[in-house]
Amino acid sequence: EKGGYEHYMLKEIHEQPQALRQALSGRVDEVAGEVSIEHSLSAEYLNSLDEIQFVAAGTSYHAGVFASRLFESLADVRVTTHVASEYEFTGGRDPWRTLTIAVTQSGETADTLSAIRAAKSGGAKTLAVTNTVGSTVTRETDDTILIQAGPEIGVAATKTFVSQVATLTMLAVQFGRTRNALGRSEARDLLENVRGLPGAIQRVLDREDTIATQAVEYADSEAFFFIGRHLGHAVALEAALKLKEISYDHAEGFAAGELKHGPLALVTDEATVLSVLTEGARPEETVHNVKEVDSRRANTIGVTSQGNFENVLDAAFEIPSLGRMEPLVANVYFQLFAYHVADHKGRPIDKPRNLAKSVTVQ
Ligand code: M6R
């Protein structure tokens, strides 16, 4: 059932190219620069929108953070992202002309459902982006878009994260085109990058041995810090969550620029700092932060796409060029890094202590 893999998590990491092909299937026309995703939101409604809100928890929240940055620039609309359990305080008083999008793999997360109910009662239209046909969220929202990733058994979300982001990226392009905020050629370029995801991710998966070696080499660090900018920031948050939940090591992810505002005090020669140095993540700025931690003798690992930062890193991993989708490819490196650190330590990877796949209590 695990298809020859030692854990479901590893199987699901390797299923990402296939999961993405399913998510993209029939939805992308990169030659025309158009996306067709079925939903009932009319062009008139999309043009009248004032705000898009994402509500989600955990990994799905990180997918929301990634997507929010794209929606903002592609669809020219105000976007806010909310940790579902905080929505009651942060969701605003008057969600009229607001579309609230719940991002949830299971469709059963209590915090996310309660945020959706609050949005709805305030007058917002609601949309679910989920992996689970017939789940509670699909019954409680006005409309549903399925990410079509296939079942995910491991508690750690992996293939569903990339499928959520790819689906939301397509939706951002569709909204951008409808709202006349996105030109055809930019849409084409981005869709070409989205189309390139399965192949680029496969190339990372094919080099798992290298990643495993690097993971084991740094596995005994006292703490792990993940840094990135813009789209790389969302990936840094996700990478830290993945590592901490399955390896039980201390891991934090933050915006690279925040390093000097506090976390730097924790950076010693026992720490490892992993950075997202890819396109869509302002690598030339983040590399300054890498130099800062290097001068505190921390171990530095970077995922790069142009290969020009290798000289400042203790370990580098190069991924194929893929424009704004590169941080998602870098994320696969971080998934495998987390997996191999945890495996090296003999952790129960598919069922980490204290965690459940679906959190149905508030
Ligand atoms: O089913 P959901 O996407 O709503 O679940 C939300 C979180 O509980 C979930 O993403 C959790 O953070 C992951 N399992 C962590 O890997």
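The values are calculated or read from the model by the stated rules, or taken from the named source; none is laboratory data. Just so it is clear, the model here is predicted, and its values are computed rather than measured. Glycine also receives a Cβ, built like all others from the backbone with ideal geometry; neighbour counts cover every protein chain displayed. Quick note on the areas: whole protein, heavy atoms, side chains included, nothing else; ligands and nucleic acids left out. Shrake-Rupley method; radii C 1.70, N 1.55, O 1.52, S 1.80 Å.
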With axes computed from alpha carbons, what is the tilt in degrees of helix 326-344 against the longest principal axis of the chain, rounded to the nearest 10 within 0 to 90?
50
Each residue of region 238-255 in turn: what ³J(HN,Hα) in whole Hz from Karplus with 6.51, -1.76, 1.60 and θ = phi - 60°, glycine and Pro shown as x?
5, 4, 5, 4, 4, 5, 5, 6, 9, 9, 6, 7, 6, 9, 9, x, 7, 5
Mind pulling the angle between the C-alpha long axis of helix 159-178 and the longest principal axis of the chain? Nearest 10 degrees, somewhere in 0 to 90.
50
Assuming R0 = 35 Å, what is the FRET efficiency of residue 142 and residue 288, from their Cβ-Cβ distance, to the nearest 0.05?
0.20
Relative contact order, percent, of the chain when contacts are C-alpha pairs under 8 Å separated by at least 6 residues?
20
Springs between alpha-carbon pairs under 10 angstrom, Gaussian network model over the chain: which of 75, 43, 172 fluctuates most?
43
Using amide H atoms built in the peptide plane, which far-off residues or other-chain residues are under 5 Å from residue 34 H to H?
29
So residue 50 and residue 353, fully extended at 0.36 nm per residue minus their Cα-Cα distance, gain in nm 104.9 nm
Give me the extension gain from residue 296 to residue 202: residue separation times 0.36 nm, minus the current Cα-Cα distance, reported in nm with one decimal.
30.3 nm
For region 269-332, state which GluC sites (Glu not before Pro) are in a DSSP loop and have at most 10 other beta carbons lying within 10 Å of their beta carbon.
none
Quick one: angle between helix 283-294 and the longest Cα principal axis of the chain, in degrees between 0 and 90, rounded to 10, please.
40
Would you mind computing, in nm to one decimal, how far apart the modelled labels at residue 43 and residue 321 are, each placed 7 Å from Cα along Cα→Cβ?
3.5
Go ahead and set up a Gaussian network model of the chain, Cα springs under 10 Å, then flag whichever of 181, 240, 124 fluctuates most.
181
Mean Cα-pair separation over length for region 99-243, i.e. relative contact order, pairs under 8 Å, 6 or more apart, %
14
Give me the accessible area of residue 229, 1.4 Å probe, in Å² rounded to the nearest 10.
50
So, relative contact order of region 167-302 in percent, Cα under 8 Å, 6 or more apart, is 21
Can you give me the long-range amide H partners of residue 226? Hydrogens built in the peptide plane at 1.01 Å from N, cutoff under 5 Å, separation of 5 or more residues or another chain.
252, 253, 254, 274
Accessible surface, per residue, of the chain when the full set of protein chains is kept, probe 1.4 Å, Å²
39
Kindly flag which residue pairs out of 159/357; 260/345; 244/351 have an alpha-carbon separation exceeding 24 Å in this structure.
260/345
Would you mind telling me the antiparallel percentage of the DSSP bridges in the chain, rounded to 5?
5
List the residues, sorted by chain then number, that are 5 or more residues from residue 318 or on another chain and whose placed amide H is less than 5 Å from its amide H.
304
How much of the accessible area of the chain, in percent, comes from carbon and sulfur atoms when a 1.4 Å probe is used?
45
Can you give the extra length, in nm with one decimal, that the chain gains between residue 34 and residue 269 once fully stretched, where that is 0.36 nm per residue apart less the Cα-Cα distance?
79.7 nm
Counting only DSSP beta bridges fully inside region 244-362, the antiparallel percentage to nearest 5 is 0
Given a Förster radius of 25 Å and the C-beta distance between residue 308 and residue 189 as r, what FRET efficiency does 1/(1 + (r/R0)^6) yield to the nearest 0.05?
0.70
